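Asker: Questions regarding the structure given below will be posed in turn.
The values are calculated or read from the model by the stated rules, or taken from the named source; none is laboratory data. Predicted model, so just to flag it, every value in this text is computed and none were measured. All Cβ positions, even for glycine, are placed from backbone atoms using ideal geometry, and neighbour counts span all protein chains on display.
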Amino acid sequence: MIRTQRAFFITVRICILMFYLLMVLLPFYWLFITSVKPRMDILTTNIQYWPKNFTLDNYRVLWSSSNFDVFLKNSILVSLGTGVFTTCFAILGGYALARYTFKLKTMAVYGLLLTQMIPGVLVMIPTAILFSKVGLMNSLGGLIIIYIVGNIPFCLILMRSFFDRIPVDLEEAALIDGCSKLGALFRIVLPIMLPGIVATFVFAFIGAWNELLCAIMFISSDELKTIPVGLSMFVQNYDVNWGVMTAGAVMALLPSLIMFAIVQRFVVEGLSDGAVKG
Amino acid sequence: MKRIKSKEPYYMLAPSFLLLCIFLLYPLLSSFLYAFQSYKLTAPNAIGFNGINNFKAVFQDSNFGLILKNSFIWVVLTVGGQFILGFILALALRRPFPGRNFYQAIVFLPWAISSFVVGLTFRWLLNAEYGPVNDLLLRLGIIKDKIYFLSDPELALYTVIVTMTWYGIPFFAIMLLAAMQSIPEDLYEAADIDGAGIWSKFWHITFSYIKQTIILTLLLRTIWVFASADLIYIMTAGGPANSSSILSSYMFMKAYSSLDYGQASAIGLFFMALLILFCYLFMKATKFEKAGNF
């Protein structure tokens, strides 16, 4: 009885796992095979579930006829900027929250958690007005600021939880050995924290890489557009060139895919840690 | 390490909080003012206070009732679907199996992908002429006529809801899985000795142990889903005829397409009031203060 029950549950579990796997993979499969089909094979009611005439033309067209190289450069610039600044600020702030006791600490933590409840759409319009007053509208710098602000509360909390896991004794030992506080931070703590730092960076990078609405709202000139904005203009038309668009989408998802695959475990750990324990 | 009197932590937090004050707190507060102003980018010379005209215009908009109804359907179905499917996935992932890490990296992938890519992919999957979903359904004889998933006003909202659900499953699964993995194994062993069944173990141990995480995640996700407009923008732009508009996407379109920042801010204030009301009711209903163990 117990054995059959066990076998039953194992079967159910395998079925469930397969279901989720297919549910995630099939849309990406369809996206990818469309990007390597010639136009004639895409716009046909006789749908090919396996590309008969493999071609890279869509990628070539994407590269040569749209501003894709410009979009790519902007996306990399904005995401790198967001990632680097957010991580630096988060290291500093996270260290302060993890290692110091000070008057306004509880307030600071609550303030950060509270910002998690403010939807970005609400802040977008007044920020646009502020930006146009100080000349940050339609600039990559302005976009980076928006993304830092959007990512910093979570990254700071995340970083703090990574610091919390490192025993204080390590630093104390370094201090006794004559290391300065900053020296202890840089020489002892940060090297151990590398996975956490990378996870924070990737979190902010991916956030900036994927963001759509702010980038639409704040950027108007073509030479400053990021990939999602640049490509979304082509999707709004009724006559979508699906081959080129899917090629663009594949290019857009590659970086986040690679980064996520590498640091998935740390991001997942940190994400739950940072959000659950605050 | 006691460094109570030191000013260092304030310096270390300063860059973050300075940015948050200037680019989050200040805009948020100033939006209270803009909501009572005529603020159209198309008429930059006519900017000035106009009382409650913006609110009047918003509430008298004939689409407003529909948009509120849509927002409600959107939030309830999306969050509900994400939660149930995320919970099942977390349960299936709880115990280790060969290749679990690799499997996780794949099924959590949607979390790391931009709404633009997700929206584009599903639009193309569900395309009425050349999309595989219609093709397969027709071939299997499940439907007789093509389904116009995104251009049928009856269906458009639900199509985006399904996409949004797909997009958000990983987030729930990640949060719930982490909480489940913190359940001490001896609880289950003790229950086994007492002869507890599968369902009783699920209800009394798994579920009750992670209840606080469930509540917190539901709260954060509801706010997030309520406010997210990007998938709607990419897939339907709120159409056809506002049939898939929700409050946040409507607000974005008001600001972005009609450039009417005043009215958009008025919608924003209304939005904020709804959120605060929701948070208050949610915390009362779930006795959330017990969870505040920061």
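Asker: Which members of the stretch B:42-101 meet the condition of being out of contact with any Leu (no Cβ under 9 Å at 6 or more places or on another chain) and of a type in the set (Val, Ile, Thr)?
Answerer: Listed by number, the residues that qualify are B:47, B:52, B:58, B:75, B:76, B:78, B:84, B:88.
Asker: Could you grab the pairs with beta carbons closer than 6 Å, sequence gap of 6+ or different chains, first residue in the stretch A:241-268 and within 10 Å of another protein chain (Cβ to nearest Cβ) and at positive phi, second one hydroxyl-bearing (Ser, Thr, Tyr) and buried (at least 21 other Cβ atoms within 10 Å of the Cβ)?
Answerer: none
Asker: Residues that are of a type in the set (Phe, Trp, Tyr), farther than 29 Å from residue B:238 by Cβ and without any contact (Cβ under 8 Å) to a residue 24 or more places away in the chain: does the stretch B:103-125 have at least one?
Answerer: Pass one, the stretch B:103-125, residues of a type in the set (Phe, Trp, Tyr): B:103, B:108, B:111, B:116, B:122, B:124.
Still in the list and also farther than 29 Å from residue B:238 by Cβ: B:103, B:108.
Cutting the leftovers down to without any contact (Cβ under 8 Å) to a residue 24 or more places away in the chain gives us B:103.
So far as the stretch B:103-125 goes, yes, one or more of its residues are of a type in the set (Phe, Trp, Tyr), farther than 29 Å from residue B:238 by Cβ and without any contact (Cβ under 8 Å) to a residue 24 or more places away in the chain.
Asker: Follow-up question, since we're still on this one. Just to check your reading of the model, which residue among A:245, A:233 is in contact with a Phe, Trp or Tyr (Cβ under 9 Å, 6 or more places away or on another chain) and assigned to a helix (DSSP H, G or I)? Give the derivation first.
Answerer: Numbers: A:233 fails: in contact with a Phe, Trp or Tyr (Cβ under 9 Å, 6 or more places away or on another chain).
Residue meeting the stated conditions: A:245.
Asker: Count, please, the residues in the stretch A:110-143 that happen to be more than 8 Å from chain B (Cβ to nearest Cβ), within 26 Å of residue A:97 (Cβ to Cβ) and not in a helix (DSSP H, G or I).
Answerer: 0
Asker: Scan the stretch B:265-277 for residues that are of a type in the set (Gly, Ala, Ser), under 20 Å from the mean Cα position of the chain (by Cα) and crowded, with 24+ Cβ neighbours inside 10 Å and jot them down. Step through it out loud before you land on a result.
Answerer: Within the stretch B:265-277, the subset of a type in the set (Gly, Ala, Ser) is B:265-266, B:268, B:273.
Still in the running and under 20 Å from the mean Cα position of the chain (by Cα): B:268, B:273.
If the condition is that a residue be of a type in the set (Gly, Ala, Ser), under 20 Å from the mean Cα position of the chain (by Cα) and crowded, with 24+ Cβ neighbours inside 10 Å, then B:268 is the only one that fits.
Asker: Here is a follow-up. Could you list, in sequence order, the residues of the stretch A:168-188 that are more than 12 Å from chain B (Cβ to nearest Cβ) and in contact with a Lys or Arg (Cβ under 8 Å, 6 or more places away or on another chain)?
Answerer: Within the stretch A:168-188, just A:179 meets the criteria.
Asker: Given the options B:71, B:6, B:31, B:16, name the one that is outside any strand (DSSP E or B), at pLDDT below 90 and either touching a His at 6+ places or on another chain (Cβ under 9 Å) or within 30 Å of residue B:218 (Cβ to Cβ) (or both). Show your work before the answer.
Answerer: Details: B:71 fails: at pLDDT below 90; B:6 fails: either touching a His at 6+ places or on another chain (Cβ under 9 Å) or within 30 Å of residue B:218 (Cβ to Cβ) (or both); B:16 fails: at pLDDT below 90.
On inspection, the qualifying residue turns out to be B:31.
Asker: Return the residue satisfying two criteria in turn: it lies in the stretch B:127-161 and is assigned to a helix (DSSP H, G or I) and in contact (Cβ under 8 Å) with a residue 24 or more places away in the chain, and of such residues it is surrounded by the fewest Cβ atoms within 10 Å (Cβ to Cβ).
Answerer: Taking the stretch B:127-161 first, the residues assigned to a helix (DSSP H, G or I) are B:132-139, B:156-161.
This time we only want the ones that are in contact (Cβ under 8 Å) with a residue 24 or more places away in the chain, so: B:156-161.
Working: B:156: 25, B:157: 21, B:158: 15, B:159: 21, B:160: 28, B:161: 23.
The extreme case among them is B:158.
Asker: Which is surrounded by 14 or more Cβ atoms within 10 Å (Cβ to Cβ), not in a helix (DSSP H, G or I) and not aliphatic (A, V, I, L, M), of A:154, A:102, A:203? Before the answer, list the steps.
Answerer: Values: A:154 fails: not in a helix (DSSP H, G or I); A:203 fails: not in a helix (DSSP H, G or I).
A:102 is the lone residue from the list that is surrounded by 14 or more Cβ atoms within 10 Å (Cβ to Cβ), not in a helix (DSSP H, G or I) and not aliphatic (A, V, I, L, M).
Results for (1) within 16 Å of residue A:123 (Cβ to Cβ); (2) at pLDDT 90 or above; (3) out of contact with any strand residue (DSSP E or B) (no Cβ under 9 Å at 6 or more places or on another chain), shown as yes or no for each residue.
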residue	(1), (2), (3)
B:218	no, yes, yes
B:222	no, yes, yes
B:231	no, yes, yes
B:241	no, no, yes
B:246	no, yes, yes
B:255	yes, no, yes
B:287	no, no, yes
